[in-house]
Ligand code: UDP
């Protein structure tokens, strides 16, 4: 996969000899910086990761029993409207024509998401045209104005009205975030479009698809450069790890993509994260739910959604009599859990400002990625922001 820095190049015992840049974390952000610094600038880069595999939460692997590609940390769907990012990612993989669609089970009935004319008509047992549906939702949304909505609840009601909000958003969001919807930022719900057509594609972006030969092959190709060495099962904070002291002493430039609060040893308090638990199962049927992701809207079901991985790759030759499903559960993370999503309450945002000030004061360390910036970045956003960091800020620390 990646080359090792040769003994002669490391020049004896100095762990820094021959290394120009240390990257903490091998997710999309870290690998994009590594690839650019190695390929474009000829820098010698070491990427370390605590886990035994690269790719962060985008990592996937073939289920040993069925060969079905399983996204170990939940479904990852690639989509972007950023032409620069699209051109860049296509250097490492080609994409299938997969278009993501999601359905939601509410009180034992299945509806299409995101909220569209099909959802509205099924829910109200009606046959409204777009104008009638708009008028109905405007009436039901009247209590809040979308522009001045201060939190997820107000924004949700302003976009789709109270009845649809209570059916599809309120309890699902409570399960997923375990935080009052009045404390969550409005932007979380703005991720989902609302459409007055029957179009139920989940994403609006110009480009969408899944990597033809899987996420891990894509990630490995990004790291596959003679100037990049990946060291797995290497914890940046492990003081016995040879690069640790040098990095802390500022002797080597660092791009850090782990949790920003952890970097500063929680000096400004802990930032809130949400973690996920997964329960995977191989079932003796060729098709369990007929689609890749089924959300469960109600508080009566403990999980938020079920992924059925074979549907992400209908073009592949998977077994006809077996399928892999994965139930997803969500909860607030403790320090020992893997952080997945920044919760971003008003208190978190205050703390983040304090951490940003600390981060800005670090001379030779840049912070990036979902964990390093405490932002709900999708894969294409993490890659786009790494490309910008590479162009605008990396030179300052090298
Ligand atoms: N959401 C919801 N009901 C759904 C799907 C999404 O209430 O059936 C809300 C929920 O608050 C969620 C947000 O919309 O956190 C964004 O959903 P998305 O599917 O983009 O979340 P992700 O796939 O990143 O977890």
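Among the residues of the stretch 248-260, are any more than 29 Å from residue 63 (Cβ to Cβ) and within 14 Å of the ligand (Cβ to nearest atom)? Even if it seems obvious, please write down each step before you answer.
Just the residues of the stretch 248-260 that are more than 29 Å from residue 63 (Cβ to Cβ), to begin with: 248-256, 259-260.
When the remaining residues are screened for being within 14 Å of the ligand (Cβ to nearest atom), the result is none.
Within the stretch 248-260, none of the residues are more than 29 Å from residue 63 (Cβ to Cβ) and within 14 Å of the ligand (Cβ to nearest atom).
Being at pLDDT 95 or above, under 19 Å from the mean Cα position of the chain (by Cα) and either surrounded by 15 or more Cβ atoms within 10 Å (Cβ to Cβ) or assigned by TED's automatic domain parsing to the domain that holds residue 20 (or both): is that true of residue 301 here? It is false that residue 301 is at pLDDT 95 or above, under 19 Å from the mean Cα position of the chain (by Cα) and either surrounded by 15 or more Cβ atoms within 10 Å (Cβ to Cβ) or assigned by TED's automatic domain parsing to the domain that holds residue 20 (or both).
Every test in (1) within 11 Å of the ligand (Cβ to nearest atom); (2) over 26 Å from residue 374 (Cβ atoms); (3) touching a residue at least 40 places away in the same chain (Cβ under 8 Å) is passed by residue 188 save one, and that test is (2).
Surrounded by 19 or more Cβ atoms within 10 Å (Cβ to Cβ), closer than 30 Å to residue 386 by Cα and more than 16 Å from the ligand (Cβ to nearest atom) - does that describe any residue in the stretch 93-101? The answer is yes, given that some residue of the stretch 93-101 is surrounded by 19 or more Cβ atoms within 10 Å (Cβ to Cβ), closer than 30 Å to residue 386 by Cα and more than 16 Å from the ligand (Cβ to nearest atom). Within the stretch 24-74, the set of residues being on the phi > 0 side of the Ramachandran plot and outside any helix (DSSP H, G or I) comprises 25, 42, 55, 67, 74.
Going residue by residue through the stretch 328-345, is there one that turns out to be at pLDDT 95 or above, farther than 30 Å from residue 180 by Cα, in contact with a helix residue (DSSP H, G or I) (Cβ under 8 Å, 6 or more places away or on another chain) and surrounded by 17 or more Cβ atoms within 10 Å (Cβ to Cβ)? Scanning the stretch 328-345 turns up no residue that is at pLDDT 95 or above, farther than 30 Å from residue 180 by Cα, in contact with a helix residue (DSSP H, G or I) (Cβ under 8 Å, 6 or more places away or on another chain) and surrounded by 17 or more Cβ atoms within 10 Å (Cβ to Cβ). Within the stretch 112-147, the residues that satisfy the criterion of being in contact with a helix residue (DSSP H, G or I) (Cβ under 8 Å, 6 or more places away or on another chain), under 24 Å from residue 186 (Cβ atoms) and not in a helix (DSSP H, G or I) are 112, 113, 115, 143, 144, 145.
Taking first residues from the stretch 76-97 that are over 21 Å from residue 314 (Cβ atoms) and partners that are in a strand (DSSP E or B), the Cβ contacts under 6 Å between residues at least 6 apart in sequence or on separate chains come to 80/207; 86/80; 86/207. Only a single criterion out of (1) over 20 Å from residue 307 (Cβ atoms); (2) in contact with a helix residue (DSSP H, G or I) (Cβ under 7 Å, 6 or more places away or on another chain); (3) more than 10 Å from the ligand (Cβ to nearest atom) is not satisfied by residue 150, namely (2).
The values are calculated or read from the model by the stated rules, or taken from the named source; none is laboratory data. All of these numbers come straight from a predicted model, not from anything done at the bench. Every residue, glycine as well, gets a Cβ built from its backbone with ideal geometry; the counts of neighbours run over all protein chains shown.
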